[in-house]
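Engineer: Following this message is one structure expressed as structure tokens.
Bear in mind these aren't lab numbers, they're just calculated from the coordinates by the rules spelled out. Computed from a prediction, not measured in an experiment: that's the story for all the values here. Glycine gets a Cβ as well: all are built from the backbone with ideal geometry, and neighbour counts include every protein chain shown.
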Amino acid sequence: MRVLHFSDLHIGVENYGRIDPETGLSTRLGDFLDSLDQVVEFALNQGVDLVLLAGDVYKGRDPSQTHQREFAKRLNRLSRSGIPTFILVGNHDLPAASSRATAVDIFPTLEVANVHVGSSLKTYTVDTPSGPLQILAVPWPRRSAILSRDDSRGLSIEQVRQALEERLTNGIEMEAQGLDPNVPAILTAHVTVNGATVGTERSMMLGNDHVLLVSALDRPQVEYVALGHIHKHQILRPNPPMVVYSGSLQRVDFSEEGDEKGFCVVDLDATAPQGQRMTNFEFHKLSARSFVTVDVSVESQDADPTTTVVRAIARKEIADAVVRVRISLPAEANAHLRETEIRAALEPAHFIAAISREVADARRTRISPSEGEDLQPMQALGLYLDSRNIEGERREKIMRKAEELIELDSAELEETQ
């Protein structure tokens, strides 16, 4: 039995893109759909029995009709070929109010063949071409379900987070105990796991993270733990059951500049004893859009700072990449910097994200209008902190406070709807 695991598709992320004249759609939308096409082609041609998307199909809670259409096209190819798809509900798939449908509820509503949606913490049994497979699903919880309870009134954000973590841990334990030992089982969760390396998903969050321990997911009754939510591919536990973040298929911003992108493939032997069924694991790399940072330091004695910057750009592989240039220079050299020539040197790039100058103690960052329009609040804050070189603990405190403010605003909105 072969399972393909990927996550955080985020259809709808269109920053750092332009309009494709042939399709009329964003080139960045094309990037994400091209990656999904590679996943589908692999599944169709390499004997995959189940495609598992571990959360966050879309960028936002209200995907456009175009985004829904393009995703459904790819699902239909798998469905018609008899390959089931399991979609776990992630935080970006959840509506603002608990009474509303998720962004992926349309598929079970229409009873689309071979498409299953994990919207509750429970075990789903999916029939695959190689036999049944148990999937212990841990979707992103609806925080409003706790906030609306009488015994939760007046709880702080931290207390709500702790209540969620406890509820999830206990729920996983109960479901794991009820798994059929004669049927292969995997666990899939859209969560942050303690010790994982985070990246841009910190700036894309729609509220505060709850954090689970690896031990909460590392259940001996399952053969593999397929994680979503964190965009960086990483193996948190190498021994069976492996605990793995597949990572996202495409880079979303510069925090993922050096990350490899792809999907995971797991082979299971259904005839082996429980806990010993995983026979192979592979991470398949995809050719994702490159993000490139050009850092240039101009010396005070430099007679031609523009040439220095252009030479630094020439040393980078910028063709078809999203590029930012960060220039540090003395005040006397700033007036001699010819930005027109710098932009000409960046012509092979797919998109110029920013050209920033750090002059003495002041920094000026230029962002294209199209990029600014598509930025979410936390992404805009992250870009601002980048421009101010604010890192480490101070950056984390600022981001955390901003997340709490957004969470409080979202909770108030839910109570009025």
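Engineer: Restricting the search to the stretch 270-301, which residues are in contact with a Gly (Cβ under 6 Å, 6 or more places away or on another chain) and of a type in the set (Lys, Arg)?
Structural biologist: Hit for the stretch 270-301 is 285, nothing else.
Engineer: Could you tell me whether residue 23 is polar (S, T, N, Q), in contact with a strand residue (DSSP E or B) (Cβ under 8 Å, 6 or more places away or on another chain) and either surrounded by fewer than 20 Cβ atoms within 10 Å (Cβ to Cβ) or more than 23 Å from residue 103 (Cα to Cα) (or both)?
Structural biologist: Judged against the criteria, residue 23 is not a match.
Engineer: I'd like the full set of residues that are under 22 Å from residue 120 (Cβ atoms) and in contact with a Leu (Cβ under 8 Å, 6 or more places away or on another chain), limited to the stretch 52-69.
Structural biologist: Across the stretch 52-69, the qualifying residues are 52, 53, 54, 55, 56, 57, 58, 61.
Engineer: Can you name the condition, by its number, that residue 231 falls short on among (1) within 30 Å of residue 380 (Cβ to Cβ); (2) in contact with a strand residue (DSSP E or B) (Cβ under 6 Å, 6 or more places away or on another chain); (3) in a loop (DSSP other than H, G, I, E, B)?
Structural biologist: (2)
Engineer: Within the stretch 317-327, can you find the residues that are without any contact (Cβ under 8 Å) to a residue 40 or more places away in the chain and surrounded by 14 or more Cβ atoms within 10 Å (Cβ to Cβ)?
Structural biologist: 318, 321, 323, 325, 326, 327 - these are the residues of the stretch 317-327 that are without any contact (Cβ under 8 Å) to a residue 40 or more places away in the chain and surrounded by 14 or more Cβ atoms within 10 Å (Cβ to Cβ).
Engineer: Looking only at the stretch 275-312, count how many residues are loosely packed, with under 15 Cβ neighbours inside 10 Å and in contact with a strand residue (DSSP E or B) (Cβ under 8 Å, 6 or more places away or on another chain).
Structural biologist: 6
Engineer: Right, something else. Scan the stretch 42-60 for residues that are of a type outside the set (Gly, Ala, Ser) and farther than 20 Å from residue 128 by Cβ and report the count.
Structural biologist: Residues that pass the stated criteria total 4.
Engineer: Related question: Within the stretch 255-302, which residues are β-branched (Val, Ile, Thr), closer than 30 Å to residue 319 by Cα and assigned to a loop (DSSP other than H, G, I, E, B)?
Structural biologist: 298
Engineer: Still on this structure, I have one more. Looking for whichever is among the aliphatic types (A, V, I, L, M), surrounded by fewer than 21 Cβ atoms within 10 Å (Cβ to Cβ) and within 25 Å of residue 406 (Cβ to Cβ) here; the options are 211, 193, 183. Which one fits?
Structural biologist: After ruling out the rest, the residue left standing is 211.
Per-residue answers, yes or no, for (1) more than 30 Å from residue 324 (Cα to Cα); (2) crowded, with 19+ Cβ neighbours inside 10 Å:
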{"site": "16", "(1), (2)": "no, yes"}
{"site": "41", "(1), (2)": "yes, no"}
{"site": "60", "(1), (2)": "no, no"}
{"site": "64", "(1), (2)": "no, no"}
{"site": "69", "(1), (2)": "yes, no"}
{"site": "78", "(1), (2)": "yes, yes"}
{"site": "88", "(1), (2)": "yes, yes"}
{"site": "91", "(1), (2)": "no, yes"}
{"site": "110", "(1), (2)": "yes, no"}
